[in-house]
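Report on the following structure.
Derivation of every value follows stated rules applied to the coordinates shown; laboratory data play no part. Bear in mind that the values here come from a model prediction, so they are computed numbers and not experimental data. Virtual Cβ from ideal backbone geometry, glycine too; neighbours counted across all protein chains shown.
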Amino acid sequence: MPRVDRIAEPWGTRTPYGPGEPWPVRVDEFLEDGVRAEDVDRWVQSASILHSNGDGLDIAVKDGRIVGVRGRAGDRVNHGRLGPKDLYGWQAGNASDRLVRPLVRDGGRLVETDWDTAMDRIVRRTRELLDEQGPSALGFYTTGQLFLEEYYTLALLAHGGLGTNHVDGNTRLCTATAAAALKESFGSDGQPGSYTDVDHADVIALYGHNMAETQTVLWTRILDRLAGPNPPAVICVDPRRTPVAEAATVHLANRPGTNVALMNGILHELLAHGWIDERYIEDHVVGFDELRERVEQYPPERVARICDVPEERLREAARLIGTARRLFSTVLQGFYQAHQATAASVQVNNVHLVRGMLGEPGCGVLQMNGQPTAQNTREWGADGDLPGFRNWSNDAHVAELARIWNVDPLDIPHYAPPTHAMQMLRYVEEGSIRFLHVTGTNPAVSLPELARVRSILSQDRLFLVVQDIFLTETALLADVVLPAATWGEKTGTFTNVDRTVHLSERAVDPPGEARPDLDIFLDYARRLGLTDKDGAPLVKWHDAEGAFEAWKECSRGRPCDYTGLSYARLRGSGGIQWPCDDEHPGGGERLYAGGLFWSAPDQCESYGRDLVTGAPVSPTEYRALNPSGKAIIKAAAYVEPHEPPGEAYPFWLTTGRTLYHFHTRTKTARAPQLQRAAPESWVEMSEADARRCGFAEGDLLAVETARGEVRARLRVSGIRDGVLFLPFHYGYWDQPGGCEPEKGQGGAANELTLTDWDPASKQPIFKTAAARVSRAERGRGEPSKAPTTTASRPVTAPGDVPATRGGTDAEAEESVITAGGTS
């Protein structure tokens, strides 16, 4: 079997295929040095946990340790392929600096203690605040990396037991707009499309979605289509020259913050040329007349000026979209982390609605997730929604949930919209939230305007609990730190963006006294003595499978129906999509075939919001708009960004990801291959801007906004003029497992970002801030250490910057499975 350096070649070897053909199988495998496949004691079923693709894999176990992974050939998501974070990221679980005992703050210092002492402190403070102030004093901020069973347990104890409305996740930072856009257009969350749409589409449009780095295996699928016969056209909307942009038929590098104008321009062309399905619109859609009136104001020549893109390129993109026989679209952070996030993302849905391209092979839209279980936070009520895509403002939905939980409906807070993360932070700042339980996330690096965040989380009046696997920047501020088990050390299920459910089995024991998150939540509920209205324990399960079975009943009859699934069915499977019920016993490949939506007033998850103000639409208004439960077209006018560049701060600053790291590097910085590939932060600038400013590759630059300064070395890249880019993964330089930079360098990108959010989805704005840049130190002839394989590829002459390589310890085996066997 060939061995490939998968740091140098992140997407691996091509296996070309044509439209309508099955994607060939290629099994990727990486084992710890010195371990052979025949040495492995057992292989344990799981799926990827360091991105949202949901790649099926098996965990290799030897002598009680995880020693590697291999892709699952029969998995519907990846057909055996793994990305770099899949192949190498598991090593974090074996790191020597794992949290292994609880910590409590005594005398200003965190000291080790036992579980009883730590939990008693948490429970005592919970009860004190409930007596003093009530449930409004308690907040829970979670992650997009737990399992279904853990989210559902947390939702029950927080909403149904404690009665707090303050529950959200870091999914607010990356995927809240996906949920909001789907609710606005279809009345409910739930992704219409399927990954298999890649196999059939003749046009693929990626809006603000650097899929090559965020979902590497899904991008591999597109690369294999591009290498095969009759490849699809690709449209890329991104201000950077990403790998997607380099492969695109049309690249629209629009000015940051102009996505709504761009989409209105595309829709203008679709309507002007008659590239619409009038029968579909008449039968299945409301709101079309408003859209027609709105987009008349956005002819291509005007949009080209607003977005600063060539008019002919905009027209060509619209022509490809308008004449596609099968159109597949994806959306991610470039649209989501902006001031008109929901408005722009809804316009992508509108494209599919006016073209009638939903529910058929190759005709779908995926409002993508950034984290592996972000879909679960939304389905199970751990991110500001009620479980089962129920509508918090529909009393019948609340009553149904109360029946399932056996609590009084008034005990489930639904007096106002659930509190989003940024509002929770404001309540902590003002002193009304006095207890914050943070699980599996690192807000001291990931939230915007970090100087403010550190000040808020450091307040003496805040009791901060952090549940994690390492002593993160946030854990260092905590009053109690609980050591958690990680992926491979516990059992549970999780669901990816195309609704595929995977089972992840426990492969090894957690280190020391670390416990699964589910066990911690169950212990918390037990110690608090939470009961239902009959006095029985509120949480009635004791393990992951019991939680899953309870969830199934909660999902019954809702869009995300899991009643046909079980651990037994998921064991050995290649993943099964929801809905999985009597009507869809094998799972539902796509949603909304035949124009059937979950948007009827009595069924919908949300009545929607005003896209400009974020004000909720009332039930009466919604019934008047959509009495028959059709899809909803919502038009939007372009509004300028809130903090545009000016004389003092002349550049746009945008932040984002790199292929080799995940979020705040808590895990990936501890995987040697990934850390070496992107060891420190950098700042990207265009060649023209660097020349004008007198900067050179490798110069140490100081990037400033009104909120702070970050120093990083310059990478002269293919980014559009006038824009600076910083990766958001890097926190404080003394983080264990990180690298030690040169003096004066470092800092998190979120020192610079602003406290502001989209009015509808409440997702923070990370893509548009006004910045200035100066040189702190001339380079010494050495380039930035930014990767050369990704969007940070340099524009300098070949050889001037060393190519990113992983070396022999990054070589993974690839086995292409043909009809006749392995090749």
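Numbers for the structure displayed
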item: Segment residue 642-residue 109, length gained on full extension (0.36 nm per residue, minus Cα span); result: 187.8 nm
item: The chain: antiparallel DSSP beta bridges as a percent of all, rounded to 5; result: 55 percent
item: In segment 243-328, GluC sites (Glu not before Pro) in a DSSP loop with at most 13 other beta-carbon atoms within 10 Å; result: 296
item: Under the Karplus curve 6.51 cos²θ - 1.76 cosθ + 1.60, θ = phi - 60°, whole-Hz ³J(HN,Hα) for segment 247-253, x wherever Gly or Pro sits; result: 8, 6, 6, 9, 10, 9, 8
item: Estimated FRET transfer efficiency when R0 is 45 angstrom, pair residue 803-residue 549 (beta carbons, to 0.05); result: 0.30
item: For segment 39-56, Karplus couplings with θ = phi - 60° (6.51, -1.76, 1.60), whole Hz, Gly/Pro x; result: 7, 5, 6, 7, 10, 10, 5, 6, 7, 5, 10, 10, 5, 9, 5, x, 5, x
item: Qualifying trypsin sites (Lys or Arg not before Pro) for segment 544-641 [loop in DSSP, other Cβ within 10 Å: at most 10]; result: 571
item: Charge dipole of segment 651-792 about the Cα centre (unit charges at C-beta), most positive-ward option of 728, 770, 708; result: 728
item: Mean residue ellipticity (222 nm) of the chain, computed from DSSP H runs ≥ 4 via -39,500 (n - 2.57), nearest 500; result: -7500 deg cm²/dmol
item: Whole-number percent relative contact order across the chain, with pairs defined as alpha carbons under 8 Å at least 6 apart; result: 20 percent
item: Counting DSSP beta bridges with both ends in segment 651-792, the antiparallel % (nearest 5); result: 65 percent
item: Charged-residue dipole, Cβ positions (Lys, Arg, Asp, Glu), the chain about Cα centre, Debye nearest 20; result: 1100 debye
item: Estimated distance in nm for a label pair at residue 693 and residue 14, the labels positioned 7 Å out from Cα along Cα-to-Cβ; result: 3.7 nm
item: Full-stretch length increase - residue 620, residue 312 - with 0.36 nm per residue and alpha-carbon distance subtracted; result: 106.5 nm
item: Low-density loop positions, GluC sites (Glu not before Pro), segment 507-560 - DSSP coil, at most 16 other Cβ in 10 Å; result: 513
item: Listed residues 639, 332, 343: farthest to the positive end of the dipole of the chain (Cβ charges); result: 639
item: Projected label distance in nm at residue 706 and residue 100, using a 7 Å step from Cα toward the beta-carbon; result: 4.9 nm
item: Residues with amide H under 5 Å from that of residue 491, placed H, sequence gap 5 or more; result: 506
item: Dipole in debye (nearest 20) - segment 320-469, about Cα centre, beta carbon charges: Lys, Arg +1; Asp, Glu -1; result: 520 debye
item: Space enclosed by the convex hull of the alpha-carbon atoms of segment 245-316, per residue, Å³; result: 107 Å³
item: Which listed pairs, of 183/630; 85/762; 183/533; 634/762; 490/667; 62/490, have C-alpha distances above 21 Å, in listed order; result: 85/762; 183/533
item: Candidate lysines - alpha carbon under 19 Å from residue 540, same-chain residues fewer than 8 apart omitted; result: 552
item: Computed lengthening from residue 451 to residue 36, 0.36 nm per intervening residue step minus Cα-Cα distance; result: 144.6 nm
